[in-house]
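Report on the following structure.
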Amino acid sequence: MENWPILSLVTFLPLVGALFILGIRGEPDVVARNARYVALWTSLATFVMSLFIWFNFERGTAEFQFVEQATWFPGYNIDYKMGVDGISMLFVMLSTLLTPLCVVASWDAIKVRVKEYMIAFLVLETLMVGMFCAQDFVLFYFFYEGVLIPMFLIIGIWGGERRVYSAFKFFLFTLAGSVLLFLALLAMYFEVGTTDIQAMTAYGFPASMQTWLWLAMFASFAVKVPMWPVHTWLPDAHVEAPTAGSVILAGVLLKMGGYGFIRFSLPMLPLASEFFTPLMFTLSVMAIIYTSLVALAQEDMKKLIAYSSVAHMGLVTLGTFTLTQQGLEGAIFQMLSHGVVSAALFLIVGVIYDRLHTRLIARYDGLVSRMPAYSLMFMIFMLASVGLPGTSGFVGEFLVLVGIFQVNTWAALLATGGMILGAAYMLYLYRRVIFGVMTKPDLKAILDLSPREVLVFAPLLALVFWMGIYPMSFLDVISASVADIVESHRVALLQAPGHNVASLFSLGQ
Amino acid sequence: MTMISLDLMTALPELTLACLAMALLMLGVFRGKDSAAAILGLSVASLVIVFFLVSLGGNTTVNAFGGLFILDRYGAFMKGLVLLGAIVTLVMSRRYCEEERMQRFEYPVLTLFATLGMLMMVSANDLISLYVGLELQSLSLYVIAAIRRSNLRSSEAGLKYFVLGALSSGMLLYGCSMIYGFAGTTSFPALAEVLATTSHGEVPPFGLIIGLVFLIAGLAFKISAVPFHMWTPDVYEGAPTPVTAFFATAPKVAAIALLMRVMMGPFGDLVEQWQQIVVAVSIASMIVGAFAAIAQTNIKRLMAYSSIGHIGFALIGLAAGTEEGIRGVIFYMAIYIVMNLGTFGCILCMRRTGVMLERIEDLKGLSKTNPMMALPLMIFMFSMAGIPPLAGFLGKFYVFMAAIEAGLYALAVIGVLTSVVGAFYYLRIVKFMYFDDAGEPFDSPIGSDMSLVLIASSAIILFLFAVPGTILDAAAAAAASLLAG
């Protein structure tokens, strides 16, 4: 398998499965069952293939690996180029891991239009994996924006009551940001003459151009992350999306924003990144504190977790723009950890939603007496989200805080304060739902986790502890690429001719 | 070969089409009403023959008839698009004609004449031949719009189109006469020469600029660019649906082709003078197309505003005034025509118990009742909204690329933002089809010819991203030949 185009295989295998499902004909029940199985086997096969990337990935180098290249737009220097480095490889793994879990989690929950649902998820997987593998800006943009279509349909068709509003809000918010990224991409293309990401990173854009490009990229990535104050689409989308939709949304799609900052904004536009660091710090700290407070007041479990996602992603942007080794490693680790933990938390909510068809916190109490296994699972993921040492959440938060303390103690102080609020709203949620005496009559007959549900949680549980107890297996992958970014950023700042704030203020000269 | 036979060979597709159209007209007159279906079929066959002839020519640039007529790669490519639009709309109209009792042999014959006019427009190399081609097209279109004369809306559409169209033709003619008066020639190459000598440093005669403005205004009417768009929604709504499909595709391509030839050829040296007009028209078209479409309830009116918006996007490429820009517009129009043909194919299938439907709400729950019709329509809608990886995005990609290269940043920013607004109403159609509960199903089957159109067009839109070079190379060669001549 040495010379196989492994990244393309992993990217497009789900699409093959989707085409296969499209061809299924027959009785509705048979079609639904076959669609589920095809989706499950395809996504599992994809995951197994992606393990090949994990095992063959050479640690300790910032080089791109498994690189594939083919001409795409002849004569334009826009190529089909795939490759992974330490930053993107783990996100590929995250995407391929979460998709089969989503398929299993939707096994019984999705009853209508199963065929279309499974097609949408497999297409989504192709787009997610492709986006993290893309080494050409145009190719990246194709995947990045293409994600909107299946996600729009997933929220809109299989969502809750206000699904139409949420789907539109999700689509239009994200699109509005992305089109500016598109213009930035074109402007950079004319400056460099190619859309190869490595060539663009090495190019060194003039200072006057960087400001505008950075703002255009910011418009897109900040919506995707989402950063305060453009986060408002996220709670709506999460609440209305089906459980698996929320899992992918929180687990992978939000990471596209953070990934964008790390892959594009920082290395390509170092001067502007330096210039806008205070802005990023302010917005991140705002996000951490404000959305934590908002989360405290939520009545809807999914909405609460959605706001906690905004807060956690605030920590990611904070860590990213510290531009220190620890801060960046922490940001990436936090994204991976959040991908696992928030995905698990949405699945946790999905479990009781499937039973009672409500997500209102007030409708539950004392679940521990009927659902001990569920309560244990909930507790572990809840504590991982809070950042208990020994769980994955701790490592990410700790590294980010180490990074930010070196740069800005005030931001560190405020971020820590926000994390205490994080513990408050999660524990408060847990107390209301799990503890106390069970008084609601319709809860009396509620069932504990089924074997299928345990099967979904098991890999996530294992990951939470693996990442928390032995983070080296992941940091090994990340650190070389991060060191490269930090170093080239430092060099770029030193080399910048007459680099000062004034050169950045002369906008668009 | 003698001079005259060379000329005839150059215009062979046009001459063939003229002869065939007249022959079919005679056939229709002598055989009477029963021949309508046969003539429709023969018309499609004639257009296919002409398409074949067009695809043979154009490898080298040839002038004919004393410079009135030009044949080049650009012309051949645009004619191919025009013929594609005409062929597919005629094919799609077969069932409509049968079921809506529109079996009149005049309809296909007039379509042939209109197409002939469009071919002339694309190949016009002189203000006189420009006007002849344009009028042949327009007069035929006025009549087709009102072909269902017993239908009040159809006649109203025809009348409106005629009155406003005549006004625009008047403006165009006035502009041509001003240009002739100040430049002393109507031939495009000669005009280019005159303007090349004056434009270096000195301002061209003021009257000539006024003439140019009138010329642009007249052509802007034909491509329904804002502020000359008011006829479009009414005519699109009132005309029989296959005719609307025709209006939205072939004449648009022909008029854009003509506009580009005029702007980049004789007036290529006056870019600075006309660029601001095109930029303004482009911005206005994009904004009106995006915002006015939001409140529409009739899908044909919606498509009218959609086409106004798309013309606005295409004009971005022209505003750049570069070869890249022209290439972008050609590519955009090629994709636009495929998307529109497919969408109108779906609209023509909106038929319940034999009655044609036009309200957007009628699409409710289509994904459940007719999934294989909803899927292509969804693909077209996302493509029109410009979401990758669909072809509509590729079209936008190249026009915006040209705009950024030419430094038209403000235009590009306004363009992408209006495309977000536009995405809203395209998504609304997807919402009706996929998110809402099902209504009554549409009549099915839709017929093998219609299925073929839908499958082919949606496959092109869906998979063009994998092989963008196929159309792009042709568009690039066409753009190069336009600027070389």
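The values are calculated or read from the model by the stated rules, or taken from the named source; none is laboratory data. Please read these numbers as outputs of a predicted model, since none were measured by experiment. Every residue, glycine among them, receives a Cβ derived from its backbone with ideal geometry; neighbour counts consider all protein chains shown. We work out accessible area using only protein heavy atoms, side chains counted, and drop any ligands, DNA or RNA first. Shrake-Rupley method; radii C 1.70, N 1.55, O 1.52, S 1.80 Å.
The Kirkwood radius of region A:276-509, taken over pairs of alpha-carbon atoms, gives through the Stokes-Einstein law at 4 °C and 1.567 mPa s a diffusion coefficient of 68 µm² s⁻¹. Taking every residue in A:173-184 and counting other chain Cβ atoms within 10 Å of its Cβ, the average works out to 5.
Checking understanding here: applying a Kyte-Doolittle mean of at least -0.5 and a length along the axis of at least 27 Å (C-alpha), which whole DSSP H helices in chain A pass?
On the way: long enough: A:28-56 (42 Å, 0.79); A:86-105 (29 Å, 2.10); A:114-133 (29 Å, 1.54); A:163-192 (42 Å, 1.60); A:277-296 (28 Å, 1.81); A:301-320 (28 Å, 0.78); A:325-356 (46 Å, 1.02); A:409-434 (37 Å, 1.10); A:472-495 (35 Å, 0.93).
Span-like helices in chain A: A:28-56, A:86-105, A:114-133, A:163-192, A:277-296, A:301-320, A:325-356, A:409-434, A:472-495.
The modelled label-to-label distance between B:Glu272 and A:Tyr165, using points 7 Å beyond Cα along the C-beta direction, is 5.4 nm. Buried area at the B:A interface is about 3300 square angstrom, summed over both chains, from accessible surfaces computed with a 1.4 angstrom probe. Interface residues of region B:387-419, defined as those with an accessible-area decrease of at least 50 Å² between the chain by itself and the complete set of protein chains (probe 1.4 Å), are B:Ile387, B:Pro388, B:Phe393, B:Phe397, B:Met401, B:Ile404, B:Val416.
Taking 0.36 nm per residue of separation and subtracting the Cα-Cα distance, what length does fully extending A:Leu356 through A:Ala423 add?
On the way: separation 67, 0.36 × 67 = 24.12 nm, distance 2.66 nm.
Contour length minus the Cα-Cα distance gives 21.5 nm.
For chain B, the relative contact order is 15 percent, taking Cα pairs closer than 8 Å that sit 6 or more residues apart in sequence and dividing their mean separation by the residue count. Of A:Glu329, B:Glu361, B:Glu106, A:Glu125, the order by accessible heavy-atom surface (1.4 Å probe, DNA, RNA and ligands excluded), from most exposed downward, is B:Glu361, B:Glu106, A:Glu329, A:Glu125. If we count every other residue with Cβ under 11 angstrom of B:Val50's Cβ, Lys/Arg +1 and Asp/Glu -1, where does the sum land? Local charge sum for B:Val50: 0.
Going from the chain on its own to the full set of protein chains, region A:65-80 has these residues losing 40 Å² or more of accessible surface (heavy atoms, 1.4 Å probe, no ligands, DNA or RNA): A:Trp72, A:Phe73, A:Pro74, A:Tyr76.
Just from its helices, what would the mean residue ellipticity at 222 nm be for chain A, if runs of 4 or more DSSP H residues each count -39500 (n - 2.57) and the sum is divided by every residue, rounded to the nearest 500 deg cm²/dmol?
Numbers: 22 runs with 366 residues, N = 509.
One gets -24000 deg cm²/dmol as the mean residue ellipticity at 222 nm.
The lysines within cross-link reach of A:Lys255, meaning a Cα-to-Cα straight distance under 18 Å and a gap of 8 or more places when in the same chain, are A:Lys224. For region B:65-99, backbone nitrogen atoms closer than 18 Å to the point 7 Å from B:Leu6 Cα along Cα-to-C-beta are found at B:65-73. B:Glu440 contributes an accessible area of around 120 Å² to the protein surface, as traced by a 1.4 Å probe with all chains present. Spin-label pair B:Asp443-A:Trp107: with each label point 7 Å from Cα along the Cα-Cβ axis, the two points sit 4.7 nm from one another. For the protein assembly as shown, the percent of C-alpha pairs falling in each 10 Å distance bin, counted from 0 to the bin holding the largest distance, reads 2, 11, 20, 22, 18, 13, 9, 4, 1, 0, 0. Put the Cα centre of region A:68-146 next to the Cα centre of region B:1-36 and the gap is 54 Å.
Heavy-atom accessible area, probed at 1.4 angstrom with all protein chains present, ranks B:Glu323, B:Glu135 as B:Glu323, B:Glu135, highest first. If R0 is taken as 25 Å, the Cβ-Cβ distance between A:Glu63 and A:Trp466 corresponds to a FRET efficiency of 0.45.
Within the same chain, lysines fewer than 8 places from B:Lys79 are excluded, and of the rest, those with a Cα less than 23 Å from its Cα are B:Lys222, B:Lys252, B:Lys396.
Given a Förster distance of 35 angstrom, what is the FRET efficiency for B:Phe52 paired with B:Arg101, based on the Cβ-Cβ distance and rounded to 0.05? Walk me through the numbers before you get to the answer.
Working: r = 33 Å, r/R0 = 0.94.
That pair, B:Phe52 with B:Arg101, gives E of 0.60.
Among A:Trp214, A:Trp228, A:Trp54, the sequence by solvent-accessible area, most first, with a 1.4 Å probe is A:Trp228, A:Trp54, A:Trp214. Centroid-to-centroid, using Cα positions, region A:404-456 and region B:305-362 are 50 Å apart.
In this simple spin-label approximation, A:Leu19 and B:Ala410 carry label points 7 Å from Cα along the Cα→Cβ vector, and these lie 4.8 nm apart.
Sorting B:32-38, A:3-9, B:225-231, A:111-117 by average packing, meaning the other beta carbons within 10 Å per residue, from highest down gives B:225-231, A:111-117, A:3-9, B:32-38. The loop-placed trypsin sites (Lys or Arg not before Pro) in region B:149-194, going by DSSP, that have at most 14 neighbouring Cβ atoms within 10 Å of their Cβ come out as B:Arg149. Between region A:306-345 and region B:263-288, the C-alpha centres lie 48 angstrom from each other.
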